[in-house]
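The values are calculated or read from the model by the stated rules, or taken from the named source; none is laboratory data. This is a predicted model, so every value here is computed, not measured. Quick reminder, even Gly has a Cβ in these numbers, built from the backbone with ideal geometry, and neighbours come from all protein chains shown.
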Amino acid sequence: MHTHWYFDVISPFAYLQSLRLGEVADRADISLKPVLFAGLLNAHGQKGPAEIPSKKLFTYRMVTYLAASRGVPFKFPDAHPFNPIRALRLCIAMGSTPDVVGKIFHAIWGEGHLPDNDAGWQAIQSAVGINNGDDLIADPAVKKELIANGEQALSENVFGVPTFTAGGEVFWGDDAIGFFSAWLDDQNLLKKPEMTKLNDLPSSATRI
């Protein structure tokens, strides 16, 4: 099943899910698609978790807990949110391969390096074995691809990261990987009556 996996390195939950792609890779032909999370938020008129103070603290605590419970290397960068543009473009410039994306994610979330900090940017480049990252990400084709990825994500009804899309369906969030796996095993899952009735479920109240 051809699958897109949309991610932004700004998301620690995308980092956690990146380590679990092997759980579905035997049934999904996954293309890794870097996108700018902020662009998705703007398109949908949403705030990110870190823009709501109480949600920000809970989110940071939750992801720290999840990483520890899974035995995953995890170190929060010294600032968050950060500007992920350089790291996203570097993913694209180097082919968005699982190896490259994994190393960039690990440098940011496993070791705590900031992509919008000069020392952190150097560490991220070192993690993928290069020292000419600025030249690579300056390529207009790289910049265009990041924009195109965002447009494609919106055309596939993506509203957040990380997200799998396949067969016209959307599976959002680190905790949705089990749902996606179950759907890969049985694509009638979303055609069952208890699921199809949700397609046109009306609202009985609207927030003004």
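Table: residues versus (1) of a type outside the set (Lys, Arg); (2) in contact with a His (Cβ under 8 Å, 6 or more places away or on another chain); (3) in contact (Cβ under 8 Å) with a residue 40 or more places away in the chain; (4) not in a helix (DSSP H, G or I).
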position: LYS33; (1), (2), (3), (4): no, yes, yes, yes
position: GLN46; (1), (2), (3), (4): yes, no, yes, yes
position: LYS56; (1), (2), (3), (4): no, no, no, no
position: ALA67; (1), (2), (3), (4): yes, no, yes, no
position: VAL72; (1), (2), (3), (4): yes, no, yes, yes
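Scanning segment 161-193 for residues that are touching a residue at least 24 places away in the same chain (Cβ under 8 Å), within 14 Å of MET1 (Cβ to Cβ) and either β-branched (Val, Ile, Thr) or part of a helix (DSSP H, G or I) (or both) gives THR165, PHE180, SER181, LEU184, ASP185. Looking across VAL128, VAL101, one residue alone is modelled with pLDDT of 95 or more and under 23 Å from GLY48 (Cβ atoms). It is VAL101. Please find, among ALA28, ALA50, the residue that is over 13 Å from the mean Cα position of the chain (by Cα), over 20 Å from ILE124 (Cβ atoms), surrounded by fewer than 22 Cβ atoms within 10 Å (Cβ to Cβ) and at pLDDT below 95. Result of the check over ALA28, ALA50: ALA50. For segment 92-115, a residue qualifies if it is assigned to a loop (DSSP other than H, G, I, E, B) and either of a type in the set (A, V, I, L, M, F, W, C) or surrounded by fewer than 18 Cβ atoms within 10 Å (Cβ to Cβ) (or both), and the qualifying residues are MET94, GLY95, THR97, GLU111, GLY112, LEU114.
Could you tell me whether THR196 is assigned to a helix (DSSP H, G or I), hydroxyl-bearing (Ser, Thr, Tyr), more than 16 Å from the chain's Cα centre (by Cα) and over 21 Å from CYS91 (Cβ atoms)? The answer is yes for THR196. Restricting attention to segment 116-160, the residues that are part of a helix (DSSP H, G or I), exposed (fewer than 14 other Cβ atoms within 10 Å of the Cβ) and not aliphatic (A, V, I, L, M) total 8. Residues in segment 89-108 that are under 13 Å from the mean Cα position of the chain (by Cα) and among the hydroxyl-bearing types (Ser, Thr, Tyr): SER96 alone. Each residue in segment 69-89 was checked for being more than 22 Å from LYS55 (Cβ to Cβ) and of a type in the set (Ser, Thr, Tyr), and 0 pass.
Filter segment 56-74 down to the residues that are loosely packed, with under 14 Cβ neighbours inside 10 Å and among the basic types (Lys, Arg), then identify the one that is farthest from VAL161 (Cα to Cα). Checked segment 56-74; the qualifying residue farthest from VAL161 (Cα to Cα) is ARG70.
Checked against (1) free of Cβ contacts under 8 Å to residues at least 60 places away in the same chain; (2) within 21 Å of TYR65 (Cβ to Cβ), ILE108 meets all criteria but (1). Among residues that are within 21 Å of TRP172 (Cβ to Cβ) and within 13 Å of the chain's Cα centre (by Cα), PHE13 is included.
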